[in-house]
Amino acid sequence: MVPFTLFFVPADAKAYEPQKFDRYSKPDFTTVRLEGRGGTDFSPAFNMVAHYRANRWCNKPAALVYVTDGVGGFPEKIPDYPVIWVSTQEASDYPFGAVIQVPPS
């Protein structure tokens, strides 16, 4: 169980159906569905968060963690919550947020 609500959202050029884990569910991350694998546009994932907030399906996120190679279109508007990029690319390529750089696989 996780002591908070966690949404896992596969995304490439679009954001796919979120998978929700919360204090009532026991997450099994080996069953997480990965979808997409096409070109990347980061905006759809951020737009999904905005849509969920506007419809009161979730509150302001504590953080959005985006695992990426860093190649793609970034949203024009910087979100009002922390963003952490887990990336194989140089940190200077990201217009906002904190970057955790990992070696490419």
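Some observations on this one:
- Some residue of the range 78-97 being more than 14 Å from the chain's Cα centre (by Cα), among the small types (Gly, Ala, Ser) and over 21 Å from Pro18 (Cα atoms): yes
- Breaking point among (1) farther than 16 Å from Phe8 by Cβ; (2) modelled with pLDDT of 90 or more, for Pro44: (1)
- Top-ranked residue of the range 81-105 - restricted to ones that are in a loop (DSSP other than H, G, I, E, B) and open to solvent by 90 Å² or more (accessible area, probe 1.4 Å), ranked as modelled with the lowest pLDDT: Ser105
The values are calculated or read from the model by the stated rules, or taken from the named source; none is laboratory data. Quick caveat, the model's predicted, so the values are computed rather than measured. Please note: Cβ atoms are built from the backbone with ideal geometry, for glycine as well, and neighbour counts cover all protein chains shown. Side chains are part of the model used for accessible areas, which takes the heavy atoms of the whole protein and leaves out ligands, DNA and RNA. Shrake-Rupley method; radii C 1.70, N 1.55, O 1.52, S 1.80 Å.
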